[in-house]
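The structure appears right after this line, and notes come after that.
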């Protein structure tokens with residue numbers, strides 16, 4: 001009987017497990033069988049052994065598939081989940097030093113750790129650094145298996161860095177539109193309509209090496225992606241422009257706090273919307289927003305705080321296509337760092 005398979009099934013909260021889930025869990029513990037022609041037959045043999053030991057109940061014949069060799073059950077039912085707790089003798093495994101913390105792991109984590117241990121034995125020193133999902137597919141037969149298990153570039157609560165299995169998180173790419181302006185900074189824009197307008201204008205004005213779509217709060221986790229943009233565009237830094245409200249000001253500050261890369265405010269664009277932008281009400285005040293305004297835009301913070309005190313804020317869409325093309329000859333609107 002495949003004890004690892006049974007332990008994997010016992011992580012399911014419901015008693016009835018459908019065939020599609022059975023196949024998925026089988027491949028998690030037997031990834032080498034991904035292309036095996038007898039995979040269903042091997043899984044069926046293990047299911048029959050589990051049923052013989054009373055761990056699961058197979059359905060009646062009417063609930064088996066009509067085709068297949070062998071015909072497979074459309075579902076199985078777990079039995080006595082609280083009473084049956086098969087255990088592996090994990091101490092018999094030749095654990096590598098990298099996984100010397102195995103005694104601190106739960107039974108479920110040990111299943112994952114054993115797969116990694118086996119893989120390291122096979123591939124020690126003979127692998128490249130690849131995206132996390134590629135490595136997850138190789139080790140577990142499931143490209144998303146490590147998605148929820150990897151945190152802060154490590155597994156097992158920080159005990160095993162992803163680098164030890166030659167893997168890394170791939171940041172979502174930042175959309176950008178480049179201009180013929182190498183050596184200039186890039187401009188990150190909070191919202192996508194203003195991104196389009198500034199990118200269209202910048203193709204002619206060439207004030208920025210590229211205009212980048214920050215996608216609101218999502219920008220806070222894109223430090224590596226921004227580095228790629230800077231490299232690809234031969235840019236000398238990064239400026240940021242967003243809404244003149246507390247949430248919009250906190251985005252670049254949060255980015256700077258979370259990443260090695262640093263973005264600076266585009267003072268010229270902020271000043272333009274402060275002087276010419278359309279005011280909206282009400283403003284959603286946030287804890288610490290006064291200090292945030294003073295940190296992000298110290299030169300303009302008094303005017304911004306006065307604006308908020310009057311219950312107004314200014315969306316960045318105030319600097320749209322018409323305003324840009326009407327004013328672009330007064331360049332520079334921005335102040336590259």
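Points to keep in mind about this one:
- Among the conditions (1) in contact with a strand residue (DSSP E or B) (Cβ under 7 Å, 6 or more places away or on another chain); (2) under 26 Å from residue 110 (Cβ atoms); (3) assigned to a helix (DSSP H, G or I), residue 49 misses just one, which is (1).
- Options 57, 45: the member that is out of contact with any helix residue (DSSP H, G or I) (no Cβ under 8 Å at 6 or more places or on another chain) and in the same structural domain as residue 22 (by TED's automatic domain parsing): 45
- Region 143-163, subset touching a residue at least 24 places away in the same chain (Cβ under 8 Å) and part of a loop (DSSP other than H, G, I, E, B), residue surrounded by the most Cβ atoms within 10 Å (Cβ to Cβ): 145
- Taken over region 52-74, residues that are closer than 16 Å to residue 5 by Cβ and in a helix (DSSP H, G or I) amount to 1.
- For beta carbons closer than 8 Å, sequence separation of 6+ or different chains, a first residue in region 288-300 that is more than 15 Å from residue 242 (Cα to Cα) and in the same structural domain as residue 264 (by TED's automatic domain parsing) and a second that is modelled with pLDDT of 95 or more and surrounded by fewer than 16 Cβ atoms within 10 Å (Cβ to Cβ), the qualifying pairs are 290/305.
- Of residues in region 130-142 being under 18 Å from the mean Cα position of the chain (by Cα) and not in a helix (DSSP H, G or I), the one nearest to residue 172 (Cα to Cα): 131
- Enumerated strands (runs of 3 or more DSSP E) restricted to region 172-242, each holding at least 3 residues that are in contact (Cβ under 8 Å) with a residue 60 or more places away in the chain, closer than 16 Å to residue 252 by Cβ and outside the structural domain of residue 318 (by TED's automatic domain parsing): none
The values are calculated or read from the model by the stated rules, or taken from the named source; none is laboratory data. Note that this is a predicted model, so its numbers are computed, not measured. No Cβ is skipped: glycine too gets one built from the backbone with ideal geometry, and neighbour counts run over all protein chains shown.
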